[in-house]
Amino acid sequence: MTESASAFPVPTVVGTTLEAHLTAGTRGAPGATGELGSLLNALSLAVRIIHTRVRAAGLAGMLGYTGETNVQGEEVQKLDALANEILCAVLEKSRRCAMIASEELEEARVFKDSGKYIVCFDPLDGSSNIDVNISIGTIFCILRAHDGGASLLQGALQPGTKIVAAGYSVYGSATTLVLSTGHGVHGFTLDPGVGEFFLSHPSIQCPERGTTYSINEGNQSRWDEPTRKWAQWIKSEDKAEGLPYGHRYVGTLVADAHRTLLKGGIFAYPSDRKSPGGKLRLLYEANPMAYLFEQAGGMATNGVDRILDIVPKGLHDRTPLVLGSKHEVATYRAFMRGER
Ligand code: AFP
């Protein structure tokens, strides 16, 4: 062996790749065809491509707006549009998708020669943070196409309890992919040198209690009385209850939810006078996050009901969203019921 070769120690431990994890997860499972695993691998490919575009956006003239407005009435960022195109192309080529629903598309898109799944996604969450180099992400969930009834559209409008897998990626100091297929929540970190996701956070558990709360305090004047009372309480001084909590708010759901999932505490985007039905979207923001938090032992509510029980009426339905540790979310709900 030459001098130079021995200078680089042979890696003793090669991590578990996403593919190996998914294959192990479906091996021997009754009726498993590997199609779901292959669809999740396609989604991870889309995330890796988006990762490269996000990292180089400032150099490739990909910051700023396209000049168009999307179905949400929001100005579309160039990276939003690009991330949407990447996901649509990769999912169509996967032949595992019968249909997709995207935050950036008014209508659902049906694919020919399709597979048995529907993917709902927010291609690039946190648009307001894209140009200022703050964490952004991609959010998705997967449903069985023909479980919802006759039409494919009905397939997308199933309650979150019908989700078969969900996940999100965070393009932050590292690119992380967090996902669940109903057997716990697992986190993978991208090794950019290898271009591969390796298991870095196996079996994530959302702590029973936390010490931080996350809400856009700038909306306070628009909140209803119970929400204002809860926000006042969580900032009050009470050692026995561990109050006050620290305040953390990035303004990107994936980043605020990721912190809350790993460290505990609570994230809340309640309804208010400006958004009486809530701001966040049910199919591709609230439902995927609610599925992951419940899989990790946390909770998700709209303040009254369990998010996953809500039956969607339309692709771009909005909902109040409260996520987090059991203790904090249960306390929040008690305030909304006037029990505190
Ligand atoms: P999009 O960029 O996908 O529209 O997401 C932004 C977002 O829906 C979510 O990521 C944040 O939690 C929330 O909006 C931030 O809203 P405010 O700017 O009103 O706090």
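Every read-out reported here was derived from the displayed coordinates using simple, explicitly stated rules and does not represent laboratory data. This is a predicted model, so every value here is computed, not measured. Counting neighbours? That spans all protein chains shown, and the Cβs are built from the backbone with ideal geometry, glycine included.
For this structure, a couple of remarks:
- In the stretch 211-220, the residue that is surrounded by the most Cβ atoms within 10 Å (Cβ to Cβ) out of those that are under 20 Å from the mean Cα position of the chain (by Cα) and assigned to a loop (DSSP other than H, G, I, E, B) is I215.
- Residue match in the stretch 132-139 (condition: surrounded by fewer than 17 Cβ atoms within 10 Å (Cβ to Cβ) and part of a helix (DSSP H, G or I)): yes
- Selection within the stretch 182-217 - in contact with a strand residue (DSSP E or B) (Cβ under 7 Å, 6 or more places away or on another chain), free of Cβ contacts under 8 Å to residues at least 60 places away in the same chain and β-branched (V, I, T): T189, T211, T212, I215
- Only residues that are more than 11 Å from the ligand (Cβ to nearest atom), under 26 Å from the mean Cα position of the chain (by Cα) and surrounded by fewer than 19 Cβ atoms within 10 Å (Cβ to Cβ) were counted in the stretch 240-267, giving 5.
- Within the stretch 268-307, the set of residues being over 19 Å from H327 (Cβ atoms), more than 14 Å from the ligand (Cβ to nearest atom) and in contact with a strand residue (DSSP E or B) (Cβ under 7 Å, 6 or more places away or on another chain) comprises Y291 only.
- Residue count, the stretch 125-156 (criterion: among the aliphatic types (A, V, I, L, M), touching a strand residue (DSSP E or B) at 6+ places or on another chain (Cβ under 9 Å) and more than 15 Å from the ligand (Cβ to nearest atom)): 6
- Of all residue pairs spaced 6 or more apart or on separate chains, those with beta-carbon atoms under 8 Å, a first member in the stretch 249-268 that is free of Cβ contacts under 8 Å to residues at least 60 places away in the same chain and a second member that is part of a helix (DSSP H, G or I) are Y249/E217; Y249/D256; F267/L253; F267/D256; F267/A257; F267/T260.
- Check on E237, among the acidic types (D, E) and loosely packed, with under 15 Cβ neighbours inside 10 Å: yes
- Test for S236: is it away from the ligand (no atom under 13 Å from the Cβ) and not in a helix (DSSP H, G or I): yes
- Boolean, D122 is surrounded by fewer than 18 Cβ atoms within 10 Å (Cβ to Cβ), within 16 Å of the ligand (Cβ to nearest atom) and touching a residue at least 40 places away in the same chain (Cβ under 8 Å): no
- Hey, E294 part of a helix (DSSP H, G or I) and either within 18 Å of E217 (Cα to Cα) or touching a residue at least 60 places away in the same chain (Cβ under 8 Å) (or both) or not: no
- Once the stretch 286-340 is narrowed to residues that are closer than 16 Å to A156 by Cα and of a type in the set (A, V, I, L, M, F, W, C), the residue that is nearest to the chain's Cα centre (by Cα) is A286.
- Here G314 qualifies as more than 30 Å from H201 (Cα to Cα), in contact with a Leu (Cβ under 9 Å, 6 or more places away or on another chain), more than 10 Å from the ligand (Cβ to nearest atom) and of a type in the set (G, A, S).
- For the stretch 55-75, the set of residues classified as touching a strand residue (DSSP E or B) at 6+ places or on another chain (Cβ under 6 Å) and crowded, with 18+ Cβ neighbours inside 10 Å consists of N70 only.
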